[in-house]
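Accompanying notes for the structure given below.
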Amino acid sequence: MNTARRPSISAVGLFLAVLFAMTALLSLATGAFRIPLGDLFRIIGDGPNRDTVDAIAHDVFWQVRLPRVVLAVVVGASLAVAGVIMQGIFRNPLAEPATVGVSAGAAVGAVIAIIVGLNQLPLGVQVAAFLGGTLSTALVYVLSRTDGKTEVVTLILTGIAINAFAGAVIGFAVFVADDDEIRSVTFWSLGTLGLATWKSVGVVIPLAVLGMLACARFSRVLDMLSLGDRSAAHLGIRVERVRMQSIAVVGLLASSAVAATGMIAFVGLLVPHIMRLVLGPRHRHLLWTSGVLGASVTLLADLAARTVLSPAELPLGVVTALIGAPFFLLLLRSTRRSQGGWA
Amino acid sequence: MNTSLSARGVRVVRNGALLLDGVDIDVQAGELVAVLGPNGAGKSTLLGALAGDFALAGGVVSINGKPLVEYSPRDLARARAVLPQQITISFPFSVHEIVAMGRGPWQDDNDEAVIEAAMQRMDVASLSSRTYQTLSVGEQARVSMARVLAQDTPLLLLDEPTAVLDIGQQERFLAIARALVDEGRAVVAVLHDLNVAMRYATRVLVLHEGRCVANGLPESVLTPALLSNVYHQKIQVTTTADGRSVILPERH
């Protein structure tokens, strides 16, 4: 691929919108209790407080299906956008919240909460996960700074150390936990949308919206950062300040997502990668299109998690990793050459 | 566009090592100043100091009488552009997108016209939609220079801009640098090739072990005695039939 031949943004936008609408409808209709499409539209038309279709279908839709779909959309979009920002500031397409240890930090927070019994409190686990994620973001940032600068290699290596530590904490938790807690710990550390309620959705949405609004202003700066810190500074960017702000945004997006659903791997890595292949690396459109694709991909993965072994439900993180890892290896092989080295 | 760059007593210490000490330099609009010296003399460090890349251990650098530290990042980016020695770009941006990044500190109605002019000048317009990583090193160097030109600053700091160019590209590059100077800009360039400096620079500054040992017109500064001392190599300066000075190492 010598020449950057790229499809128009309106064509891509239309495709993503259609894909998103179809996956959303499919997700709303499909599950242990099937809702035919015609009924689906009538239930939506009725609103939450009126019922002209079927009491069970009505409740399934408004109390189970819809919050789950909304949560998938918000979390998928948050993870994908967090991935774009992280890859931009670290100038490395392999960075994502999981690589740098943000997701693992959030997981540790949740697991500790489960072990010490905070899961008895409403949203106790979620709050603990959010604290863990934000704390590890700050920790990674502080540890990887020397002389007022953040070196990418140091940062990734710090992430590796934090991931290893988090893995040990989770392993220890599994070791000391009783059977009930183990189930909760493993299910949670593998990621699931099965615990979606309007309450958890209500907690995540404001944080996600806040994070996404904040990231809109980074698009041009992220482009310039790909020239390297020094050249970006020569173009008038306050590199350190931007990096600090965007790490805060990533912490916000990733830890609120992990807090609601557990660890869902590969969405933050794969989705920005695909969009970059299609649209090129400019962040202006990369950010929002990755958000939309991240939502669709998460919906599809959750659909698979719910239906493949129905009525049993697979952890969502298992599905995303099973599909994501081989797919990512293929992408790596086919694109590494065309993108030049990833030094 | 009557820019002036002035550095007084520049002192740079890094990890306990004294890299530059007591360097003074003045550059006016219309000047192409070549910074010369052996490897490790502090040439790139001086360019970094002039660009405001790091805090100085001593001395002050100012543009138009105002110390760099008092500039906002954006105002500084509108005053000076920097061409670094090498650039690795982390994502497959197209040539046009990279040149357009030079407009970062401006973002106004002129953007597209300035980008086009910069690409024409560096002869990279035909590469516009190619991705940077697929270009040859010579093409990459021209694209980076086009980006620097797109920044449209009265002062340009170039760190070994001709290092990866062949002899023809090198001549064309320096002709462009001279044209920039004739437009009323000021250029400071770290150069390795003494003959290129002799031919194109309006003034040369020779660094040796972190100190400035000569500063003046190329013909009067680049003497066999000074060069032989600085480079630890016997160097002779001869004159060709058409009256140009040529610098050569003495060989046996």
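Nothing in this text is a laboratory measurement; each read-out follows from the coordinates by a stated rule. Treat the numbers as computed from the prediction; the structure is a model and nothing was measured. In this analysis, Cβ positions are derived from the backbone assuming ideal geometry, glycine residues included, and neighbour counts consider all displayed protein chains.
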Expressed in angstrom and rounded, the centroid-to-centroid distance over alpha carbons for segment A:52-83 and segment B:36-81 is 55 Å
Most fluctuating of A:97, A:326, A:315 in the GNM of chain A (C-alpha, under 10 Å) is A:326
For chain B, averaging the sequence separation of alpha carbon pairs under 8 Å that lie six or more residues apart and dividing by its residue count, the contact order in percent is 26 percent
Ordering B:232-244, B:121-133 by per-residue average of other C-beta atoms within 10 angstrom, highest first, gives B:121-133, B:232-244
Relative contact order as a percentage, chain A, C-alpha pairs under 8 Å and 6+ apart, gives 29 percent
Computed over segment A:103-245, the relative contact order (Cα-Cα under 8 Å, seq sep at least six) in percent reads 22 percent
GNM of chain B, Cα pairs under 10 angstrom: of B:161, B:73, B:84, the biggest fluctuation goes to B:73
Counting other chain Cβ atoms within 10 Å of each Cβ in B:31-41 and taking the mean gives 0
Mean per-residue count of partner chain Cβ within 10 Å for A:235-242 equals 5
The summed charge of the residue A:245 Cβ neighbourhood (under 12 Å; Lys/Arg +1, Asp/Glu -1) stands at +3
Total charge of the residues flanking residue A:9 in space, meaning their Cβ is under 11 Å from its Cβ, with Lys and Arg +1 and Asp and Glu -1, is +3
Of all DSSP beta bridges with both partners in the protein assembly as shown, the antiparallel percent, nearest 5, is 65 percent
per DSSP, antiparallel bridges as share of beta bridges in chain B, % nearest 5, sits at 60 percent
Looks like chain A, by Cα gyration tensor root eigenvalues a ≥ b ≥ c and the a/c under 1.5 rounded cutoff (else prolate when a/b is bigger than b/c, oblate otherwise), is oblate
Everything considered on the Cα gyration tensor (a ≥ b ≥ c; rounded for a/c under 1.5, else prolate if a/b is larger than b/c, else oblate), segment A:55-136 must be described as oblate
Scoring only Lys, Arg, Asp and Glu (+1, +1, -1, -1) among other residues with Cβ under 12 Å from the Cβ of residue A:33 yields 0
A student applying the Cα gyration tensor rule (rounded when a/c is under 1.5; otherwise prolate if a/b is larger than b/c, oblate if not) would label segment B:92-232 prolate
Helix-only [θ] at 222 nm, the protein assembly as shown, -39500 (n - 2.57) per DSSP H run of 4+, per residue, nearest 500, equals -18000 deg cm²/dmol
Among A:176, A:258, A:74, the residue with the largest mean-square fluctuation in a Gaussian network model of chain A built from Cα contacts under 10 Å is A:176
Shielding of B:92-102 by other chains, given as the mean Cβ count within 10 Å, works out to 5
